[in-house]
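Scroll down for the structure; my scribbles are underneath it.
The values are calculated or read from the model by the stated rules, or taken from the named source; none is laboratory data. Predicted model, so just to flag it, every value in this text is computed and none were measured. When we count neighbours, we look across all protein chains shown, and the Cβ atoms used for this are built from the backbone with ideal geometry, even at glycine.
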Amino acid sequence: MNKSNFIHKFHHSAKPHTMEDNEEEEESPTELNTITGLSGFVVISPDKLSLKYTGVSQHGHDVGVVQANKPAPCKRFAYYFEIYVKDAGVKGRVSIGFTTDSFRIARHPGWELNTCGYHGEDGLIYLGKRQGEAFGPTYTTGDTVGGGINYVSQEFFFTVNGTLVGTVSKYIKGPLFPTVAVHSQNEEVTVNFGQEKFAFDFKGYESSERNKQQIAIEKISIPSNMSLGLVKNYLLHYGYEDTHHALDLATNSTLPPINGAQENGIDDTSYALHERKILRQLIRKGEIDAALAKLRDSYPQLVQNDKSEVCFLLHCQKFIELVRIGALEEAVKYGRMELAKFIGLTTFQDILEDCFALLVYERPEESNVGYFLEETQREVVADTVNAAILSTKPKGKNQSHSHLETLLRQLTACCLELRSLNDGQGEAFSLNRLLRTNNWKRTKKTT
Amino acid sequence: MSLFRIFINQLEEDDEDMATSKKMITREEWEKKLNAVKLRKEDMNTLVMNFLVTEGYVEAAEKFQRESGTKPEIDLATITDRMAVKKAVQNGNVEDAIEKVNDLNPEILDTNPELFFHLQQQRLIELIRQGKTEEALEFAQEELAPRGEENQAFLEELEKTVALLVFDDASTCPVKELLDLSHRLKTASEVNAAILTSQSHEKDPKLPSLLKMLIWAQNQLDEKAVYPHIIDLSTGKLEDPSE
């Protein structure tokens, strides 16, 4: 492993949760677009959530049509919005659907190419043609109608009063704007982009669609002791020796012996297991001096160069430990002595600055660099030292990841690639989200 | 077929290849993507802890909590109780298991008639195994038959089980699989799942599902791209893209 990888690893695993989660967040429609008004035949309420027809409805080009202010977000499983028909007016020609950015005329969604609309007057779906196709019931005053996009099945779906009425292939590419239209006197519609509770159980729909996929996945069979083998390899890789030992005791009697090839693999991962365990223990207890001493003793090559990354991280951690116990003066002294030499080295600069920032706060644990003081930080440093020791393994392939991590990387990369080949639509795989879903008891702090 | 026809066919095939041509991703490009993946150690630890807890490796879970600081999602003490129930069924001590489940949470069996029936059925099987014919008959009539009256599926199961009594040599009995150890394991895992559910915990660990998801995702991506696969999940070896 290239040494600078340690820092890289350190860097992105040390950052708090939210940063990563935000990457997946896209803006969603919040209101009707009043800026690039499509037609002069509507008036939009001040809260930008309802529209009323003001034209005279003489032909097909005086439709009161409005798009949402933003396209439907697509890096997710599905999107959904609803309208409520407050007044179906004289003719009840309300429609709901999706249109693209280039939709620029006063026509119903569905009539033009690359638009799709479900019309209340006839209950037909229009897919870019003047002729509609049989689809769902008609709808009128007092009805709540919803339109959605399922990015996984690549379908539009529509609901009336909370019930799914039909799905149709999503034949349009690119960003799609929720669109609503009114087309006769007194017609008035309000839009719900999720600011109010939906009439349709969208969450339930999503999870049942998700289940369909899950059932297909669960049908795949894998050898029964595969998971156990991966867990053992993981424990060995990270030097969790005691856990590995306990698991070994609990399983060896009940499972057939593992074949030769795998056994070799495990021996390989056992390299310096005990040493790695001891160092992890020391770092987890905050005994950084002892950890450094042990490294000098057993792996001088890793700390020979006192500007090495392992040295840097351990000195940083020592500094953090001093801040933790409130020994600020000592921390400053230690910083001058051991950390000053790293100033100016670009690889370390960011971490170093963040570290020093701990001194600024009266309650550093509550500051934006507070994550340094969390227990996970010690774990991150311990992992870095663990990786460094593994890199000293004289011969054989140097496994920089546990098998488990390798598989999770492959899984994530496959899912991302699938999405990018699907016009960027659909959700990415997130281990973190998966671990927090379903009926797990939330032991995580909910503050 | 005339040469010309073959030629045309060839052309058509080529056309088809063009239309469905897959994206080629070299090993180098793919490795770049793999390295760019962000994975949190904390999450992997949680995944491992979930496996240890769900599978009931309580000592390992305790050690793992100490060594990695990962918090188990449920009280580890409940694992010990759960494993004791599971073990009792595995060893054929069904009565003992039922008592233990009720100690743990009487609602589990109250709200789960199917599970209760399967446990009683297992108890009947154990009596038959031990050759206690009279006791078995009495138990079947008093405890199981009333349940069979309420539920057709239970009745069929019961009839199947009682058939074991008819055969002197159980190995010739068409339902002899009921006497297999695997049937005990099946019942044990059913009760294990019910206890986990009662603790608002999922009955299966997450890890096997993730491995299945990996196979599924690779299969899906196969339709659109050629890229390095992992075929042997136990080593995570990355194979060169073929084709």
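One line per residue, one yes/no per condition, for (1) within 14 Å of chain A (Cβ to nearest Cβ); (2) within 30 Å of B:His229 (Cα to Cα); (3) surrounded by fewer than 16 Cβ atoms within 10 Å (Cβ to Cβ):
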residue: B:Ala153; (1), (2), (3): no, no, yes
residue: B:Glu159; (1), (2), (3): no, no, yes
residue: B:Val162; (1), (2), (3): no, no, no
residue: B:Cys173; (1), (2), (3): no, no, no
residue: B:Glu177; (1), (2), (3): no, no, yes
residue: B:Leu185; (1), (2), (3): yes, no, yes
residue: B:Ala188; (1), (2), (3): yes, no, no
residue: B:Ala193; (1), (2), (3): yes, no, no
residue: B:Ser200; (1), (2), (3): yes, no, yes
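Among the residues examined, B:Leu238 does not qualify as at the interface with another protein chain (Cβ under 9 Å from one of its Cβ atoms), within 20 Å of A:Ser430 (Cα to Cα) and not small (Gly, Ala, Ser). Any residue at all in segment A:200-209 that is in a loop (DSSP other than H, G, I, E, B), surrounded by fewer than 17 Cβ atoms within 10 Å (Cβ to Cβ), more than 27 Å from the chain's Cα centre (by Cα) and more than 8 Å from every other protein chain (Cβ to nearest Cβ)? So far as segment A:200-209 goes, no, none of its residues is in a loop (DSSP other than H, G, I, E, B), surrounded by fewer than 17 Cβ atoms within 10 Å (Cβ to Cβ), more than 27 Å from the chain's Cα centre (by Cα) and more than 8 Å from every other protein chain (Cβ to nearest Cβ). Scanning segment A:168-198 for residues that are surrounded by fewer than 15 Cβ atoms within 10 Å (Cβ to Cβ) and either among the hydroxyl-bearing types (Ser, Thr, Tyr) or outside the structural domain of A:Glu82 (by TED's automatic domain parsing) (or both) returns A:Ser169, A:Tyr171. B:His229 passes every criterion in (1) in contact with an Asp or Glu (Cβ under 7 Å, 6 or more places away or on another chain); (2) closer than 23 Å to B:Ala97 by Cβ apart from (2). Residues of segment A:210-255 that are surrounded by 15 or more Cβ atoms within 10 Å (Cβ to Cβ) and among the basic types (Lys, Arg): A:Arg210, A:Lys232. Looking across segment A:417-431 at every residue that is of a type outside the set (D, E, K, R) and surrounded by fewer than 17 Cβ atoms within 10 Å (Cβ to Cβ), the one that is modelled with the lowest pLDDT is identified as A:Ala428. A single entry from A:Leu411, A:Leu435, A:Leu359, A:Leu407 fulfils the requirement of being assigned to a helix (DSSP H, G or I), at negative phi, surrounded by fewer than 16 Cβ atoms within 10 Å (Cβ to Cβ) and outside the structural domain of A:Tyr171 (by TED's automatic domain parsing): A:Leu359. Of all residues in segment B:158-183, those that are charged (D, E, K, R) and in contact with a Leu (Cβ under 9 Å, 6 or more places away or on another chain) total 2. The residues of segment B:76-96 that are among the small types (Gly, Ala, Ser) and either assigned to a loop (DSSP other than H, G, I, E, B) or modelled with pLDDT of 95 or more (or both) amount to a single one, B:Gly92.
If you go through segment A:370-381 one residue at a time, do you hit one that is part of a loop (DSSP other than H, G, I, E, B) and either over 30 Å from B:Lys203 (Cβ atoms) or within 9 Å of chain B (Cβ to nearest Cβ) (or both)? Yes, that holds for at least one residue. Number of residues in segment B:204-214 that are closer than 14 Å to A:Ala413 by Cα and surrounded by fewer than 19 Cβ atoms within 10 Å (Cβ to Cβ) equals 0. Of all the residues in segment A:37-59, those that are of a type outside the set (A, V, I, L, M, F, W, C), exposed (fewer than 13 other Cβ atoms within 10 Å of the Cβ) and in contact (Cβ under 8 Å) with a residue 40 or more places away in the chain number 1. Within segment A:220-241, being touching a Phe, Trp or Tyr at 6+ places or on another chain (Cβ under 9 Å) and part of a loop (DSSP other than H, G, I, E, B) holds for A:Ile220, A:Tyr240.
Among helices (runs of 4 or more DSSP H) entirely within segment A:281-353, having at least 2 residues that are assigned by TED's automatic domain parsing to the domain that holds A:Tyr238, of a type in the set (A, V, I, L, M) and modelled with pLDDT of 90 or more singles out A:288-298, A:309-324, A:328-334. Scanning segment A:319-365 for residues that are hydroxyl-bearing (Ser, Thr, Tyr) and within 20 Å of A:Ser308 (Cβ to Cβ) returns A:Tyr334, A:Thr346, A:Thr347. Scanning segment A:314-356 for residues that are without any contact (Cβ under 8 Å) to a residue 24 or more places away in the chain and of a type in the set (Val, Ile, Thr), which turns out surrounded by the fewest Cβ atoms within 10 Å (Cβ to Cβ)? So the residue we want is A:Thr346.
For A:Leu255, indicate whether it is more than 8 Å from chain B (Cβ to nearest Cβ), more than 30 Å from A:Leu339 (Cα to Cα) and either modelled with pLDDT of 90 or more or assigned to a loop (DSSP other than H, G, I, E, B) (or both). Yes, satisfied.
All of B:Glu73, B:Glu59 fail the test of being within 11 Å of chain A (Cβ to nearest Cβ) and not in a helix (DSSP H, G or I), apart from B:Glu73.
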